[in-house]
1. Taking every pair of Cα atoms in the protein assembly as shown, average 1/r, invert it to obtain the Kirkwood radius, and report Rg/Rh to two decimals.
2. Need one number: % antiparallel among DSSP beta bridges in the protein assembly as shown, to the nearest 5.
3. Order these by the 10 Å Cβ neighbour count, fewest first: B:40, A:175, B:140.
4. Can you pull out the GluC sites (Glu not before Pro) in segment A:45-76 that DSSP calls coil and that have at most 13 other Cβ atoms within 10 Å?
5. Answer rounded, prolate or oblate for chain B, using the Cα gyration tensor with square roots of eigenvalues a ≥ b ≥ c: rounded when a/c is under 1.5, else prolate when a/b is larger than b/c, else oblate.
6. Calculate for chain A the 222 nm mean residue ellipticity that helices alone would give, adding -39,500 (n - 2.57) per DSSP H run of length 4 or more and normalising by residue count, nearest 500 deg cm²/dmol.
7. For segment A:172-237 and segment B:256-282, what is the separation of their C-alpha centers, rounded to whole Å?
8. Report the rotationally averaged projected area of segment B:43-91 based on its alpha-carbon convex hull, in square nanometres.
Amino acid sequence: MDSWSYQPTEDFDKGPIERLKSFPRHPDLLVYTLRLFTNFVIRAAMKIWHRLEIVGELPREGSFVVVANHSSHLDAAAILSAVPLKKVHRAFPAAAADYFFTNLPALAFSAIVINAMPFDRKENPKQSLALCRQLLDAPGHILVLFPEGTRTVDGTLGRFKAGIGFLTAGTDFPVVPCYLEGAYRAWPKGKWIPRPRKLRLIIGEPLTFRDRTPVKDDAIAIADALRERVAALMERR
Amino acid sequence: MNAGALDNPVFRGYLIVLAALLVVAGALIALLRFVFRKNVTHAWHAYRGWLIMIPVIMVALFLGREATIIFFTLLGLAAFTEFARATGLYRDWWMTGVVLLGIIAVGVLSLMRDPGEGTLGWYGMLMALPVYVVAAILMVPIFRDEAKGQLQHIALGLLGFIYIGWMFGHLAFLANAANAYNYILYLLFAVPVCDVAAFTFGRFFGKRKFRPNISPNKTWAGALGAFTVSMLMPWALRFSLPGFTPRDLILTGVIVGIGSQLGDLSISVIKRDIGIKDMGTLIQGHGGILDRVDSLIYVAPLFFHMLRWFHGL
């Protein structure tokens with residue numbers, strides 16, 4: 001008779017808060033249940049409160065990156081609404097570690113509901129990009145990035161930081177440019193709750209940057225190219 | 001137990017005793033630390049744990065029957081989750097889910113009224129519940145059409161539900177008793193006192209190991225000392241056990257004195273076999289929830305059925 005073997009879960013010796021902070025997160029029944037439920041509610045709110053309209057489609061298979069303009073806290077939720085519900089556990093919007101992972105309510109929301117990846121934009125962006133890379137290497141993962149690095153203060157599209165270029169240069173990962181329209185009016189920086197304004201998410205054609213190399217010039221070129229694509233989607237409306 | 005906890009002399013009594021104990025223990029630790037310059041880190045951590053646990057428990061009890069049942073049900077869910085994480089059963093989401101639903105059912109049955117008799121808590125269904133949960137647990141591998149390793153999952157699911165869910169759930173059901181405060185507070189007080197007595201007697205008189213392969217720090221002196229203290233507790237706290245005859249008081253002493261030590265050792269067996277020290281990290285200085293309630297799980301149903309048999313709820 002085989003003897004039984006016990007393998008405590010990998011995050012066994014961590015407390016609940018530590019578990020939420022650590023990344024990559026280990027699958028957790030309770031977190032998945034809460035995430036499914038809250039995302040269902042968010043989708044409903046997006047439909048009813050913001051009359052979210054999604055134009056175009058995200059790739060169905062493989063790992064890919066979504067880049068979008070960043071004008072409000074609604075952005076990640078709106079983009080997640082374009083992902084099939086059962087895939088939300090494999091979609092990771094990158095969120096500023098210094099903003100979303102410092103106090104408990106924000107941590108719980110970003111880790112459980114949004115499934116955010118903590119992105120250290122100040123101290124250690126390189127390490128965070130390596131983490132992004134690691135996520136993409138696993139099959140079927142969706143990484144949502146806001147290359148402007150912060151929310152716009154005036155509604156215009158800011159410069160894209162070169163990180164997205166370093167991440168995707170010389171790889172086959174498709175990068176999907178998206179433009180979310182209306183979020184700035186719905187929830188500008190500094191306001192407490194979103195106003196019921198219409199949102200429109202325009203999903204562009206995916207690009208790959210196989211022939212680029214991860215050096216500074218190429219990275220900047222990629223970032224600029226992606227920004228142009230997003231700007232073009234903005235014009236197209 | 002709904003109407004005004006503070007009007008209840010037993011609740012008030014325990015509140016005063018517990019507050020006094022916290023103050024005395026705190027003063028003692030401070031004395032040892034600052035006057036005698038002793039290392040009290042361990043005691044301080046344990047004390048800090050109590051400093052949080054006691055108010056949380058008292059607030060739940062203060063809020064009445066429903067809050068108490070929900071509190072203990074959440075505790076059971078958390079304790080089982082710790083068990084599932086420690087054994088690795090947590091990777092089997094269906095089995096874990098079935099047991100969690102079973103524990104929620106224990107809570108719901110404690111909250112509702114008996115549809116036939118109209119009394120608080122559906123006792124009959126609570127006693128029948130293991131039938132349904134065991135049936136559901138056995139269905140999990142069948143639905144998956146999988147056999148390899150499933151006996152272990154079934155066994156862990158059964159132990160998790162019957163012991164940590166259902167037996168512990170008796171404590172929540174006690175909230176439906178006419179003298180709910182008396183009984184719940186007695187158990188919540190006497191069981192940790194038994195633990196502390198075992199520790200203290202062991203520390204001062206302990207020589208011979210009690211169960212060295214399971215819990216190397218336990219000694220015969222500790223076990224006997226704890227038993228003696230537990231036999232005296234019902235007499236000392238007679239105000240908390242109204243209408244108890246000497247026979248009932250002796251039974252209560254035996255159940256707490258032996259049961260809480262067996263409960264402690266039962267969880268230790270599991271921890272030893274897995275090869276871990278604590279079941280979790282939630283309560284600083286105490287380990288996990290399961291490390292704290294291990295004795296209560298064993299004692300609560302034994303006390304419950306003794307009480308119900310001789311006095312009714």
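1. 1.06
2. Taking every DSSP beta bridge within the protein assembly as shown, about 30 percent pair in antiparallel fashion.
3. Least to most surrounded, the residues fall as B:40, B:140, A:175.
4. Working: sites: A:53, A:57, A:61; in loops: A:57, A:61.
Filter output for segment A:45-76: A:57, A:61.
5. oblate
6. Numbers: 9 runs with 86 residues, N = 237.
That calculation yields -10500 deg cm²/dmol at 222 nm.
7. Cα centres, segment A:172-237 to segment B:256-282: 55 Å.
8. 4.3
Only the coordinates and a few stated rules stand behind these numbers; no lab work does. Please read these numbers as outputs of a predicted model, since none were measured by experiment. Note: ideal-geometry Cβ built from the backbone for every residue, glycine included; neighbour counts use all protein chains shown.
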